[in-house]
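Participant: Let me begin by handing over the structure; questions about it come next.
The values are calculated or read from the model by the stated rules, or taken from the named source; none is laboratory data. Just so it is clear, the structure is predicted and the values come from calculations on it, not from any experiment. With ideal geometry, Cβ positions are generated from the backbone for all residues, glycine too; neighbour counts draw on all protein chains shown. Accessible surface areas use protein heavy atoms only, side chains included; no ligands, DNA or RNA. Shrake-Rupley method; radii C 1.70, N 1.55, O 1.52, S 1.80 Å.
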Amino acid sequence: MPANKDDGGWKKFLWNSEKGELMGRTGSSWFKITLFYVVFYGCLAGVFIGTIQAMLLTLNDFKPTWQDRVAPPGLSHTPRVDKSEVSYSVNSFETYLPFTRALREFVSQYDDANQVDQTKFDDCGLEPAEYKLRGDLDDNAGVRKACRFSRKWLGPCSGLEDETFGFKEGKPCIIVKLNRIVNFRPRPPSSNDSIPPEAAPKVQPNVIPLFCTNKREEDVGKIGEIKYYGIGSGFPLQYYPYYGKRLHPQYLQPLVAVQFANLTQNEELRIECKVYGENIDYNEKDRYQGRFDLKITINNV
């Protein structure tokens, strides 16, 4: 009997025929509470959507609204490898094939055949020049032209004459670029005071100099000659500023090819490359901000 009474209790809670209640509420009560929550959550959704729309009104499709905390550009290189280690044997094609394949795929973007459209590309000269300004960061002027950059300017590191990019001869090349930042205008060093004495000869007008040297003291004398190829052996200012993907879809970053012509073989060497400029800083927590270091081991046994 008690069990039957309990069963009748929960059944009565679900539907009380005497009072006409469903789960303890009448039809009008359910209607009122449903209406309340519909209005309540509708208002919340309206406030959220209104806030998002108001925020979107402050944004520009072509120009970043806030750039006051944007870090200076990173310095990156190709080939990119795990732990920044390039290790191979000059006697084994398979050991350096991944490096040359990555280089070949990267520089193919700079083939002359991809830059023939006169409506999209300009000839900006083979010497460093001042910034190439192409209007404000808005859509009034439409898509902007980009400066041509031919891979043949990278000399023996272009892959046009030597498909192994020097790896076969124990003289490997790497391709270096400054990462893109919309409307960023790198400023060259104003004097030699902010750069190492050995890098001072690379300072010249209208170019951001790149300099590579040994990272460790024990590698002094083991790096040998380092050759630089590109416009002014650095990053020329006429390729800046960058206007973003919408206004500058065909933009090509200037490149610098670095060839290590006489590395000591059968040893692990640490090399650091840096760019120098008034508005380019370095961060110990970010090893690619304005610089990078690379481990290279070339074996011949």
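Participant: So how much slack lies between residue 246 and residue 160, counting 0.36 nm per residue of separation and subtracting their Cα-Cα distance, in nm?
Facilitator: Length gained, residue 246 through residue 160: 27.8 nm.
Participant: Also, quick follow-up: Over the chain, average the accessible area per residue using a 1.4 Å probe and give it in Å², no decimals.
Facilitator: Roughly 58 Å² per residue, with all protein chains present.
Participant: Take the Cα gyration tensor of the range 125-215, multiply each eigenvalue by 5, square-root it, and list the three semi-axes largest first, rounded to whole angstrom.
Facilitator: So the three semi-axes of the range 125-215 are 29, 22, 11 Å.
Participant: Oh, and also: Starting from the Cα of residue 84, step 7 Å toward the Cβ, then list every residue of the range 277-295 with an amide N under 14 Å from that point.
Facilitator: Residues 282-295 fall inside that zone.
Participant: Can you give the convex hull volume per residue for the Cα atoms of the range 178-258, as a whole number of Å³?
Facilitator: Taking only Cα atoms, the range 178-258 has a hull volume of 110 Å³ per residue.
Participant: Moving on to the next point. Would you kindly state how much longer the chain becomes between residue 111 and residue 59 on full extension, computed as 0.36 nm times their sequence separation minus their alpha carbon distance, in nm to one decimal?
Facilitator: 15.1 nm
Participant: What translational diffusion coefficient, to the nearest whole µm²/s, does the range 15-58 have by Stokes-Einstein, given a Kirkwood radius computed over alpha-carbon pairs, a temperature of 25 °C and 0.890 mPa s viscosity?
Facilitator: Reported coefficient: 193 µm²/s.
Participant: Between residue 118 and residue 297, how many nm apart are label points set 7 Å from Cα along the C-beta direction?
Facilitator: 5.5
Participant: Another question, then. If each of residue 192 and residue 76 carries a label point 7 Å out from its Cα toward its Cβ, how far apart are those two points in nm?
Facilitator: Roughly 3.4 nm, to one decimal.
Participant: As an exercise, take the mean of 1/r over every pair of distinct alpha carbons in the chain, invert it, and state the Kirkwood radius in angstroms.
Facilitator: It works out to 23.7 Å.
Participant: Assigning unit charges at the beta carbon (Lys, Arg +1; Asp, Glu -1) and nothing else, what dipole magnitude in debye, to the nearest 20, does the chain show about its Cα centre?
Facilitator: 1020
Participant: Lone cysteines in the chain, defined as no other cysteine's Cβ under 4.7 Å from theirs: which are they?
Facilitator: 43
Participant: For the range 214-276, which GluC sites (Glu not before Pro) are both in a DSSP coil and crowded by at most 11 other Cβ atoms within 10 Å?
Facilitator: Hits after loop and neighbour filter: 225.
Participant: Taking only Cα atoms of the range 100-151, what ratio of Rg to Rh do you get with Rh as the Kirkwood inverse-distance radius?
Facilitator: Radius of gyration over Kirkwood radius for the range 100-151 works out to 1.05.
Participant: Output the peptides 273-283, 174-184, 76-86 sorted from most to least packed, where packing is the average of other Cβ atoms within 10 Å over each peptide's residues.
Facilitator: Top of the packing list down: 174-184, 273-283, 76-86.
Participant: Shifting gears a bit: Simple spin-label model, 7 Å along Cα-to-Cβ: residue 93 to residue 133 in nm?
Facilitator: For residue 93 paired with residue 133, the spin-label model returns 5.3 nm.
Participant: Let me ask another. Nearest 0.05, what FRET efficiency do residue 102 and residue 179 give at R0 = 25 Å with Cβ-Cβ as r?
Facilitator: Result of the calculation: an efficiency of 0.90.
Participant: How much of the accessible area of the range 161-301, in percent, comes from carbon and sulfur atoms when a 1.4 Å probe is used?
Facilitator: Solvent-exposed carbon and sulfur of the range 161-301 make up 42 percent of the total.
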